[in-house]
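Input: one structure, supplied below.
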Amino acid sequence: MSGNPFFQLARYGIEIIDPIGSRLRGDIEFEPYVWLGTGWYELGKIGSFSYIGENASILSRPEIGRFCSIARNIIIGEAEHPMDFLSTSPVMYSKRYWKDMDYVADYYDACAVGIKEAAKAFEGRYPIANQSVAIGNDVWIGEGVFIRRGVKIGDGAIIGSRSIVNKDVEPYSVVAGAPARRIRMRFSDSVIEKLLSLKWWNYDIRGFGEIPFHDIERAIDKLFKAVGDGLLKEYKPPVYIWNHLPEKAASGRR
């Protein structure tokens, strides 16, 4: 692939604000029409019509669904450290640390046996350290939220600003606090059941026509009717993989 890869992404409807100050690591899967503020991104995938604000720190390769609104100063999937080892430092248990710091390989060689045994013990005692975060569709995450590794955020959930999320969040629930606790549900049980059955984000919104987005009951009824009448097409956008971008941009239409 020739040219600046950040400019290549922009051609496909994927905008990275301040690419000089951002870092993208690994084979990130992008659906088109997303926006990422300045940050460090070790994403697995991010879906169409989602955005992430500035100063994001995202590790552990989480998958983020479609139509997600994620504010600035977010920390997702930060590294875990052992509390019962000789040290909490990754120097004494992390193979990845030494791979990234290969210019001090002589130190690793001197402690290789202990490091390898500790790495194995760390995987056994702290399985969450190797788990990712899963964020559903239509999720709103407020400013300054911290989400621990292994957490699953359900479709339609809302997380209040400055919350610390250390356990799974139910679909369409509103949570906040440190640690985050459920405050209320966005809708009634019957509406939530319909929304989870409908999964409207899997359809091409260009076919939504005059759906009254502001009226949840009418919007659901009209969408179910449109699906039943075969008026809505499944949304199947192209997926672009960071580090493996095509030379020519696709239109994003199927």
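Where a number appears in this text, it was derived from the coordinates with a stated rule and is not lab data. Just so you know, these numbers come straight off a predicted model, no measurement behind them. Positions of Cβ are backbone-derived with ideal geometry, glycine not excepted, and every protein chain shown enters the neighbour counts.
Return the subset of K199/K222; K199/K233; K45/K194; K45/K116; K167/K222; K194/K225 for which the Cα-Cα distance in this structure is over 23 Å, preserving the input order.
Table pairs above 23 Å Cα-Cα are K45/K194; K45/K116; K167/K222.
Obtain the nm distance between the two label points defined at S69 and K236 by a simple spin-label model: each point lies 7 Å from its Cα along the Cα-to-C-beta direction.
Distance between label points: 3.1 nm.
Now a separate question. What's the magnitude of the charge dipole for the chain around its Cα centre, counting Lys and Arg as +1 and Asp and Glu as -1 at the beta-carbon? Answer in Debye, nearest 20.
320 debye
Mind ordering 22-32, 199-209 by average Cβ neighbours within 10 Å, highest first?
The most tightly packed comes first, giving 22-32, 199-209.
Note the full-extension length gain between A134 and V227 as 0.36 nm times their separation in residues minus their Cα-Cα distance, in nm to one decimal.
Between A134 and V227, full extension yields an extra 30.8 nm.
Calculate the spin-label point distance for S190 paired with F85, positioning each point 7 Å from the Cα along the beta-carbon direction, and give it in nanometres.
Using points 7 Å along Cα→Cβ, the separation is 5.4 nm.
Shape verdict for the chain, please, from the Cα gyration tensor: rounded (a/c under 1.5), prolate (a/b greater than b/c) or oblate.
Judged from the Cα gyration tensor, the chain comes out oblate (a/c at least 1.5, b/c at or above a/b).
Return the single residue from A105, A219, A129 with maximal mean-square fluctuation; model: Gaussian network over the chain, springs between Cα atoms under 10 Å.
The residue with the greatest mean-square fluctuation here is A105.
Name the residue, out of S161, S87, S69, whose mean-square fluctuation peaks in a Gaussian network model built on the chain with Cα pairs under 10 Å.
Answer for the Gaussian network model of the chain: S87.
Taking R0 as 22 Å, what FRET efficiency do you get between V113 and R25 from their Cβ-Cβ distance, rounded to the nearest 0.05?
0.15
So what is the relative contact order for the chain, in percent, with contacts set as C-alpha pairs under 8 Å and at least six apart?
16 percent
Multiply the residue gap between F7 and E170 by 0.36 nm, knock off their C-alpha separation, and tell me the result in nm, one decimal place.
54.9 nm
A further question on this structure: Taking 7 Å along the Cα-to-C-beta vector as the label spot, tell me the E78-N202 distance in nanometres, rounded to one decimal.
Result for the modelled spin labels: 3.6 nm.
Going through the stretch 151-193, which trypsin sites (Lys or Arg not before Pro) have at most 12 other Cβ atoms within 10 Å and a DSSP loop state?
Numbers: sites: K152, R162, K167, R181, R182, R184, R186; in loops: R162, K167, R186.
Hits after loop and neighbour filter: K167.
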